[in-house]
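Reading through the structure tokens given below for one structure.
Just so it is clear, none of the values below were taken in a lab; they were calculated from the coordinates. Here the structure is a predicted model, which is why all the values come from computation and not from measurement. Here the Cβ positions follow ideal geometry from the backbone for every residue, glycine too, while neighbour counts run over all protein chains shown.
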Amino acid sequence: MQLKELSERTATTPASIKYYLREGLLPPGETVHATRARYSQRHVKRLELIHALRHIVHLNIEQIRTIIEMADDGAPRLAVLATVQRVVLGLEPNVREGAERTYLGDAVVRLRGWPDRDSDARNALDVQISLMEGLGISMPLELLDAYSQALDTIAGLDLSLTTATDDVDDIILTAAVGMHMHSQLVLRLLALAQASHAIRRLEIAP
């Protein structure tokens with residue numbers, strides 16, 4: 001297909017497509033002659049990915065470039081997913097430098113049988129635990145056990161959907177949109193549950 005058809009099929013302006021081509025987010029089309037190129041379904045899927053990352057997940061161009069370059073360079077899927085998680089969930093990229101292992105972090109990993117490896121997610125948890133401890137916020141191990149057990153189930157379901165395909169663009173799309181939307185869903189379900197418990201316990205009966 002030519003640029004006009006690609007634009008129409010993806011609801012993306014020709015100017016935006018040319019911009020993504022210049023920025024290296026979209027692979028070049030097959031050259032037909034000096035002023036014309038032919039595009040394929042691969043370009044349609046990549047534009048759908050870019051659109052989702054920009055307008056659903058609200059990533060900026062540099063964040064999208066970081067993820068897409070890893071995919072195009074053939075990075076392992078685990079590394080790509082870790083980067084998607086760090087960018088989408090806003091895990092501090094430099095948190096590793098100031099993170100120290102915490103007793104509660106170690107305990108949660110043991111309780112759930114999770115791999116005891118350094119990651120942005122593990123380091124972010126340790127930073128959060130240290131922050132809460134510094135503020136005197138109580139975190140009984142029983143509470144973290146209950147929280148982590150529920151979230152372990154959610155995470156397993158999420159990853160099953162994400163890894164159901166071998167196409168790296170599809171993996172990124174499912175992971176990024178899923179992490180963004182599911183995290184919002186979990187927060188809102190938690191808010192409703194908290195409100196419901198408060199109503200039951202604190203509402204004065206007429």
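Here are the numbers:
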read-out	value
Area projected by the alpha carbon convex hull of the stretch 30-187, averaged over all directions, nm²	11.4
The chain: angle of helix 120-134 to the longest principal axis, Cα-based, in degrees nearest 10	30
Mean ellipticity per residue at 222 nm, deg cm²/dmol - from DSSP H runs of n ≥ 4 across the chain, formula -39500 (n - 2.57)	-22500 deg cm²/dmol
Positive minus negative residues near I67 (Lys, Arg vs Asp, Glu; Cβ under 15 Å)	-4
The chain: angle of helix 103-112 to the longest principal axis, Cα-based, in degrees nearest 10	70
Unit charges on C-beta of K, R, D, E only; dipole of the stretch 1-55, Debye	40
Debye, to nearest 20: dipole size of the chain, +1 on Lys, Arg Cβ, -1 on Asp, Glu Cβ	700
Sequence ranges 67-73, 168-174, 134-140, ranked by mean other-Cβ count within 10 angstrom, highest first	168-174, 67-73, 134-140
Signed unit charges on C-beta, dipole axis of the chain, positive-most listed residue T102, S119, P14	P14
With Cα atoms, 0 to 90° folded angle of helix 41-55 axis to the chain main axis	40
Given charges at Cβ of Lys, Arg, Asp, Glu: the stretch 75-202 dipole, positive-most of L81, T163, S130	S130
Local net charge near E23, Cβ-Cβ under 13 Å (Lys/Arg +1, Asp/Glu -1)	+2
Test item: Cα-centred dipole of the stretch 106-206, Lys/Arg +1 and Asp/Glu -1 on Cβ, debye	580
Gained length - L185 relative to A79, 0.36 nm times residue gap less alpha-carbon distance	35.6 nm
Relative intensity, log₁₀ I(q)/I(0), of the stretch 1-55 from a Debye sum that treats every alpha carbon as a point, q = 0.24, 0.31 Å⁻¹	-0.94, -1.57
Nonlocal amide H pairs with R38, under 5 Å, H built at 1.01 Å	E30, T31, V32
Contact order normalised by residue count of the chain, Cα under 8 Å, 6+ apart, percent	20
